[in-house]
Amino acid sequence: MKDCLFCKIANKEIESDIVFESDKVMVFKDVSPVAPVHLLVIPKKHISSIMEIDKMDGPEIEGMMKTIVSMASDLGLEKDGFRIVTNIGDNGGQSVGHLHFHILGKRKFVWPPG
Ligand code: DGP
């Protein structure tokens with residue numbers, strides 16, 4: 001999508017610190033990390049939030065979810081625990097309108113979230 005920040009990151013029009021990439025998914029470091037590990041996992045295709053998941057087919061969804069799990073596993077996050085977050089809309093705190101999952105780890109998180 002023309003004016004979407006994360007589409008531009010996926011197309012490499014905007015530079016990012018890429019951790020993993022396949023033909024459908026990209027993982028890069030969040031520019032404003034709130035934890036020692038703070039990655040963003042996005043589909044390269046424009047989906048505005050998880051509410052548009054119907055725009056992805058089963059293998060695409062599976063690939064994205066398995067990427068999240070393998071990233072967390074490779075980073076050794078499972079032992080101490082970690083958090084996966086996707087924000088939706090204003091109340092959810094979504095600031096970029098392209099589906100993304102935050103992988104947050106290597107510190108303790110509180111519940112309920114702020
Ligand atoms: P959210 O608030 O859930 O929509 O998260 C958007 C995240 O995107 C936020 O944690 C900061 C991050 N972010 C915003 N702009 C950029 C950017 O240009 N590059 C990178 N790597 N991350 C960005």
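Taken together, the values in this text are just the output of simple stated rules run on the coordinates, not laboratory data. Keep in mind that what you see is a predicted model, and the values were worked out from it rather than measured. Backbone-built Cβ (ideal geometry, glycine too); neighbour counts: all protein chains shown.
Descriptive notes on the structure:
- Ratio of the Cα radius of gyration of region 74-114 to 2.2 N^0.38 Å, where N counts its residues: 1.32
- For the chain, lysine pairs with C-alpha atoms less than 16 angstrom apart, excluding pairs fewer than eight positions apart on the same chain, total 22.
- Between 0 and 90°, nearest 10: helix 58-74 axis offset from the chain longest Cα axis: 30 degrees
- Neighbours of Lys24, meaning other residues whose beta-carbon lies under 12 angstrom from its beta-carbon, give a summed charge of -2 when Lys and Arg score +1 and Asp and Glu score -1.
- Taking a sphere under 13 Å around the Cβ of His98 and counting the other residues whose Cβ falls inside, with K and R at +1 and D and E at -1, yields a net charge of +3.
- Fraction of alpha-carbon pairs over 23 Å apart in the chain - percent: 26 percent
- Helical mean residue ellipticity (222 nm; -39500 (n - 2.57) per DSSP H run of 4+; nearest 500) of the chain: -6500 deg cm²/dmol
- Gyration tensor (alpha-carbon) shape descriptor, region 9-54, a/c threshold 1.5: oblate
- Other residues lying with their Cβ under 15 Å from the Cβ of Val37 contribute a combined charge of +1, Lys and Arg counting +1, Asp and Glu -1.
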